[in-house]
1. Do we find that residue 222 is out of contact with any helix residue (DSSP H, G or I) (no Cβ under 7 Å at 6 or more places or on another chain) and either surrounded by fewer than 23 Cβ atoms within 10 Å (Cβ to Cβ) or free of Cβ contacts under 8 Å to residues at least 40 places away in the same chain (or both) in this structure?
2. Check region 78-86 and report whether any residue there is assigned to a loop (DSSP other than H, G, I, E, B) and loosely packed, with under 13 Cβ neighbours inside 10 Å.
3. Which of the residues belonging to region 119-144 are under 22 Å from residue 108 (Cα atoms), assigned to a loop (DSSP other than H, G, I, E, B) and touching a strand residue (DSSP E or B) at 6+ places or on another chain (Cβ under 9 Å)?
4. Taking residue 12 as meeting all but one of (1) modelled with pLDDT of 95 or more; (2) assigned to a loop (DSSP other than H, G, I, E, B); (3) on the phi < 0 side of the Ramachandran plot; (4) over 21 Å from the mean Cα position of the chain (by Cα), write down the number of the exception.
5. Assuming residue 147 fulfils every condition listed in (1) more than 14 Å from the chain's Cα centre (by Cα); (2) not in a strand (DSSP E or B) apart from one, which condition is it?
6. Being touching a helix residue (DSSP H, G or I) at 6+ places or on another chain (Cβ under 9 Å), closer than 22 Å to residue 3 by Cα, assigned to a helix (DSSP H, G or I) and without any contact (Cβ under 8 Å) to a residue 12 or more places away in the chain is true for just one of 97, 30. Which residue is that?
7. Look at region 185-201 and say how many of its residues are within 14 Å of residue 96 (Cβ to Cβ) and in contact (Cβ under 8 Å) with a residue 40 or more places away in the chain.
8. Answer yes or no as to whether residue 49 is closer than 24 Å to residue 197 by Cα and surrounded by 12 or more Cβ atoms within 10 Å (Cβ to Cβ).
């Protein structure tokens, strides 16, 4: 996935869980990476594999992407210039699935992060909620807000790590009205897909997040002004 992966599991007998999770992430990368010519999504985009013969997981991603497109009034779209790029939904989906794998192996306290998007369960090694910092998009080594999470996901969309990689599907131009938006949800899949769409919406994105049940958000505009939803501060205590 060309992104740092961090997995922390509290407790004993963790070796098998680590191996399972990293094997799963390798499979996700080999299946969904648009940068690998041998990946399934590249074969579909190149016409080497018809969608009718796509894997069950690929068809699931297409279904989830279409659902998200409807729920965001078209501000989430994996199609651009006739090609499919599901990365805006795959990352959160994959992290959430990896977290479920850890839970199925009997672990209840863990942290899974890929490229800054995170899902946590239970408590950290000190028996406390997981502590996560939100970066300043203008000085990425500076933390502007700290949240404390138990059994939640958190995702940030912005330009400070990968440049202007998020496009407004309605204008087909890079989204750049805001600097970053962080979304907290019941899991990282929900947080990630709506963070991507909210970033594309620009300043309207934080209001969109505020209207979604189970989501809270923290937005920083290009002037450095922060705006957050009504329930966000409950996670900073």
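1. Details: out of contact with any helix residue (DSSP H, G or I) (no Cβ under 7 Å at 6 or more places or on another chain): yes; either surrounded by fewer than 23 Cβ atoms within 10 Å (Cβ to Cβ) or free of Cβ contacts under 8 Å to residues at least 40 places away in the same chain (or both): yes.
Considered against the rule, which asks whether it is out of contact with any helix residue (DSSP H, G or I) (no Cβ under 7 Å at 6 or more places or on another chain) and either surrounded by fewer than 23 Cβ atoms within 10 Å (Cβ to Cβ) or free of Cβ contacts under 8 Å to residues at least 40 places away in the same chain (or both), residue 222 comes out as yes.
2. Pass one, region 78-86, residues assigned to a loop (DSSP other than H, G, I, E, B): 78, 81-82, 85-86.
Right, trim to loosely packed, with under 13 Cβ neighbours inside 10 Å and you get 81-82.
For region 78-86, residues assigned to a loop (DSSP other than H, G, I, E, B) and loosely packed, with under 13 Cβ neighbours inside 10 Å: present.
3. Matches in region 119-144: 122, 123, 124, 125, 128, 129.
4. (1)
5. All conditions are met except number (2).
6. So the residue among 97, 30 that is touching a helix residue (DSSP H, G or I) at 6+ places or on another chain (Cβ under 9 Å), closer than 22 Å to residue 3 by Cα, assigned to a helix (DSSP H, G or I) and without any contact (Cβ under 8 Å) to a residue 12 or more places away in the chain is 30.
7. To start, the set of residues in region 185-201 that are within 14 Å of residue 96 (Cβ to Cβ) comprises 185-195.
From the residues that got through so far, the ones that are in contact (Cβ under 8 Å) with a residue 40 or more places away in the chain too are 187-195.
The number of residues fulfilling the criteria is 9.
8. Details: closer than 24 Å to residue 197 by Cα: no; surrounded by 12 or more Cβ atoms within 10 Å (Cβ to Cβ): yes.
No: the conditions fail for residue 49.
The values are calculated or read from the model by the stated rules, or taken from the named source; none is laboratory data. Model, not experiment: these values are computed from the prediction. So basically every Cβ, Gly included, is an ideal-geometry build from the backbone, and we count neighbours across all protein chains shown.
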